[in-house]
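*Asks:* The structure's right below; bear with me while I get my questions together.
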Amino acid sequence: MTNLRPYQVEVIADLDRAIAAGQKRIILVAPTGSGKTVVAAEIISRSREKYQQGLFLAHRREIIDQTSKRLTEHGIPLGDHGIIQAGRNGILRPMASVQVASIDTRGGARLKCPAPISSFLMKPTARGDVHVKRFWKNTPTRFGLD
């Protein structure tokens, strides 16, 4: 288990408050090196304790590997989470409650597995923001560490 930095604990508390206030689409903004993937792994770990399913989308193999490693550090080892990415069928776990997926693979539907049914979606942007979506169509609430 990774120890969270104080500002990471604070941003997770901000996320919890936003969700409690009824916000449906939330964007976490943080600079490079601030531990967005660690924050995401902690959020996913907590959600999993509530029997929620999750999907983390990434646009680069390095981010997929980093996210898988952070999930393992947070008590969700490979097998309890799956990786959906072309050319990596050996680690495909379609029944796992948490999936880390390539945007290209998932978006292109190149795999012969159903899309996971998720309670939330985490998707890094080109700028490094992390979007947390709970599949409603409200305007995103933006908060973060910047």
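The values are calculated or read from the model by the stated rules, or taken from the named source; none is laboratory data. Bear in mind that the values here come from a model prediction, so they are computed numbers and not experimental data. As a convention, Cβ positions derive from the backbone with ideal geometry for all residues, glycine included, and neighbour counts pool all protein chains shown. Ligands, DNA and RNA are stripped out before the accessible areas are found, and what is left, the full protein with its side chains, is counted by its heavy atoms. Shrake-Rupley method; radii C 1.70, N 1.55, O 1.52, S 1.80 Å.
*Asks:* How about segment 49-63: which of its residues are in contact with a Ser or Thr (Cβ under 6 Å, 6 or more places away or on another chain) and not small (Gly, Ala, Ser)?
*Replies:* Selection gives Gln52, Gln53, Leu55, Phe56.
*Asks:* May I ask you to list the residues in segment 22-66 that are open to solvent by 60 Å² or more (accessible area, probe 1.4 Å) and of a type in the set (Phe, Trp, Tyr)?
*Replies:* Tyr51
*Asks:* Ok, one more. Can you list residue pairs whose Cβ atoms sit under 6 Å apart, with the first residue in segment 77-95 being within 21 Å of Arg60 (Cβ to Cβ) and the second being part of a strand (DSSP E or B) and of a type in the set (A, V, I, L, M, F, W, C)? Count only pairs 6 or more apart in sequence or on different chains.
*Replies:* That search, which allows pairs on different chains as well, returns His81/Val98; Ile83/Val100; Ile84/Ala101; Ile91/Ile83.
*Asks:* If I go through segment 44-101 residue by residue, how many of them are assigned to a helix (DSSP H, G or I) and more than 28 Å from Ala13 (Cβ to Cβ)?
*Replies:* From segment 44-101, those assigned to a helix (DSSP H, G or I) are 44-49, 61-73, 89-91; that's our starting set.
Retained after the next criterion (residues that are more than 28 Å from Ala13 (Cβ to Cβ)): 61-62, 65, 89-91.
Going through segment 44-101 one residue at a time, the tally reaches 6.
*Asks:* Would you check if there is a residue in segment 7-20 being within 12 Å of the chain's Cα centre (by Cα), crowded, with 19+ Cβ neighbours inside 10 Å and not hydroxyl-bearing (Ser, Thr, Tyr)?
*Replies:* Looking for residues that are within 12 Å of the chain's Cα centre (by Cα), crowded, with 19+ Cβ neighbours inside 10 Å and not hydroxyl-bearing (Ser, Thr, Tyr), one finds none in segment 7-20, hence no.
*Asks:* Further question: Any residue at all in segment 68-85 that is hydrophobic (A, V, I, L, M, F, W, C), open to solvent by 60 Å² or more (accessible area, probe 1.4 Å) and at pLDDT 55 or above?
*Replies:* yes
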